[in-house]
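Data block below; observations after.
The values are calculated or read from the model by the stated rules, or taken from the named source; none is laboratory data. Not measured: the values here are computed from a predicted model. Positions of Cβ are generated from backbone atoms using ideal geometry, with glycine treated the same way; all protein chains shown enter the neighbour counts.
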Amino acid sequence: MNKKILLPFLALAILGVAAWQHSGDRTASKALVLYGNVDIRQVQLAFKGTERIASMSAKEGDSVRKGSLLATLDTDKLKANVELKKAELAAQEQVVARLMAGSRVEEIARARAELDAAGIDADNALRNYARLKDLAQKHFVSEQQADDAKAAAQGAKARERAADAVLKLAQTGPRREDIASAKSALEADRQALAIVSIDLEDASLYAPSDGVIEDRILEPGDMASPQKPVYTLALTNPVWVRTYVPESSLGKLKIGMSAEVATDSYPGKRYEAWVGYISPSAEFTPKSVETSELRTSLSYQVRIFVCNPQNELRLGMPATVSILLAKIGTEPCKAP
């Protein structure tokens, strides 16, 4: 074939390859590829109270949802405490109600009747004293009898004054200080009931988040306490990939940038991810006299949060991260 005919086709092919390479370089420049390992957060779950474990409903490997009941304590003593505090609260409520209501009509009527009776006795004793005094002056009775009548009259008058004071107290009602003291005692009983009610609620252990039971440390019959974990819960969605970015590429990253994560275990599968954390400091302290070579060897930790709905990403799994430098997206699944 004539070489003059081949030259135009050869030129077009070279231009096409150059254009493809340029396009590939431009696409590559929009993504930063990093390598790291999957990291999973773990939570040690323990009861707040100290009591014997009655039941446990989860075992190793179980997937649990937030709010799932995992274990319970023996609650007999806790329930008894709740009922006791309820009874004390009810009794104190009646005390406050009685003080707030004041004296009953019947009580006031009784106090008034006792005052009337005391007044009658006082008048009778006074008249009796007057008669005996007159008789004593005429020497028909002894002076001692007159003195006794006088003392009886004075005592009757004192009982009348006491009955009058009782009536006034009944009409006035309880003192404000007594009412305030009773109300304070009522509030203390309410708080005591709230405390024992919380203790009863804390006898049930719930999952704080979605995850997988990694370890079942205690068993029914064991004595639980806040210092003894019952379960280890692995929080599996989202997980993160711990990776490192060189100092020269640090300026390209921003929190919230979209990313994709790939693993050797699931070839061809891409997991949605985003940049969730960029370390503010380098991983090592450079020498006091920096050179350009030392500056380029600095690296910063980056955490790439990854959606893991099927629980396929495992702790320590090698992963390849592609950060889309030109894309700031929304978090595809809830960040921790």
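A few notes on this one:
- Residue within the range 227-240 that is in contact (Cβ under 8 Å) with a residue 12 or more places away in the chain and part of a helix (DSSP H, G or I) present: no
- Residue that is farthest from Ala203 (Cα to Cα), among those in the range 67-82 that are exposed (fewer than 12 other Cβ atoms within 10 Å of the Cβ) and more than 22 Å from the chain's Cα centre (by Cα): Ala80
- Residues of the range 67-83 satisfying the condition of being of a type in the set (A, V, I, L, M) and touching a residue at least 12 places away in the same chain (Cβ under 8 Å): Leu69, Leu70, Ala71, Leu73, Leu78, Val82
- In the set (1) closer than 30 Å to Gln94 by Cβ; (2) assigned to a helix (DSSP H, G or I), Pro174 fails one condition alone, (2).
- Looking across the range 50-66, just one residue is of a type in the set (Gly, Ala, Ser), loosely packed, with under 15 Cβ neighbours inside 10 Å, touching a residue at least 24 places away in the same chain (Cβ under 8 Å) and over 11 Å from Gly211 (Cα atoms), and that is Ser55.
- Residues located in the range 85-121, provided they are in a helix (DSSP H, G or I), over 18 Å from Glu160 (Cβ atoms) and without any contact (Cβ under 8 Å) to a residue 24 or more places away in the chain: Ala87, Ala90, Ala91, Gln94, Ala97, Arg98, Ala101, Val105, Glu106
- Applying a threshold of 8 Å to beta carbon distances and a minimum spacing of six or more residues, or different chains, the list of pairs starting in the range 157-178 at a residue that is at pLDDT 80 or above and ending at one that is exposed (fewer than 15 other Cβ atoms within 10 Å of the Cβ) reads Ala163/Ala117.
- Residue identified as of a type outside the set (Phe, Trp, Tyr) and either exposed (fewer than 13 other Cβ atoms within 10 Å of the Cβ) or more than 22 Å from Arg98 (Cα to Cα) (or both) among Ala180, Ala170: Ala180
- Candidates Arg41, Arg52: the one that is under 29 Å from Lys228 (Cα atoms), touching a Leu at 6+ places or on another chain (Cβ under 9 Å) and modelled with pLDDT under 90 is Arg41.
- Residues that are modelled with pLDDT under 85 and surrounded by fewer than 16 Cβ atoms within 10 Å (Cβ to Cβ), drawn from the range 311-331: Asn311, Ala326, Lys327, Ile328, Gly329, Thr330, Glu331
Condition check ((1) surrounded by fewer than 17 Cβ atoms within 10 Å (Cβ to Cβ); (2) at pLDDT below 90; (3) under 30 Å from Gly49 (Cβ atoms); (4) under 30 Å from the mean Cα position of the chain (by Cα)) across all residues:
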| residue | (1), (2), (3), (4) |
| --- | --- |
| Leu233 | no, no, yes, yes |
| Thr243 | no, no, no, no |
| Thr285 | yes, yes, no, no |
| Tyr300 | no, yes, no, no |
| Phe305 | no, no, no, yes |
